[in-house]
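Inspection log for the structure reproduced underneath, given as structure tokens.
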Amino acid sequence: MLRFQNKTVIVTGASSGIGLACARRFVTEGAKVLNADIRQPSSEAEATFRNLPGEWSWIEADLGDSESPTQVVKQALSR
């Protein structure tokens, strides 16, 4: 079942751990996922997404910066 088909999801902290697990789940359930993280994706994250069908992308973002959340949302809307 593709519960998130035709939906776009922003996941923060998706380069590893819980964020990576959440992003992977959203992709497998049909979402277009924008992974936002202050770090570049880990090799584990790259390998995970390379093997998944679906639409996903990365954006480097420091969400501690007050302008960053707005920029992330603008990126998600433009995709």
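Structural remarks
- Filtering region 1-20 to residues that are modelled with pLDDT of 90 or more, hydrophobic (A, V, I, L, M, F, W, C) and in contact with a helix residue (DSSP H, G or I) (Cβ under 9 Å, 6 or more places away or on another chain) leaves F4, V9, I10, V11.
- You will find that of S66, S78, S15, S43, the residue that is of a type in the set (S, T, Y) and open to solvent by less than 40 Å² (accessible area, probe 1.4 Å) is S15 and no other.
- Checked against (1) part of a loop (DSSP other than H, G, I, E, B); (2) in contact (Cβ under 8 Å) with a residue 24 or more places away in the chain, I10 passes all but a single condition, namely (1).
- Among the numbered conditions (1) in contact (Cβ under 8 Å) with a residue 24 or more places away in the chain; (2) more than 23 Å from T70 (Cα to Cα), the only one that G17 does not meet is (1).
- Listed by first and then second residue, the pairs with beta-carbon distance under 8 Å, at least 6 apart or on different chains, first residue in region 44-61 and over 23 Å from V73 (Cα atoms), second in a loop (DSSP other than H, G, I, E, B), are E44/S16.
- The residue that is farthest from S15 (Cα to Cα), counting only those in region 31-40 that are in contact with an Asp or Glu (Cβ under 9 Å, 6 or more places away or on another chain) and open to solvent by less than 70 Å² (accessible area, probe 1.4 Å), is A31.
- Of everything in region 16-43 that is of a type outside the set (V, I, T) and in a loop (DSSP other than H, G, I, E, B), the residue that is nearest to R79 (Cα to Cα) is A31.
- The residues in region 1-12 that are under 12 Å from the mean Cα position of the chain (by Cα) and open to solvent by 90 Å² or more (accessible area, probe 1.4 Å) can be counted, and the count is 0.
The values are calculated or read from the model by the stated rules, or taken from the named source; none is laboratory data. Keep in mind that this is a model prediction, so the values were computed, not measured. In this analysis, Cβ positions are derived from the backbone assuming ideal geometry, glycine residues included, and neighbour counts consider all displayed protein chains. What goes into the accessible areas is simple: the full protein's heavy atoms, side chains included, and nothing from ligands, DNA or RNA. Shrake-Rupley method; radii C 1.70, N 1.55, O 1.52, S 1.80 Å.
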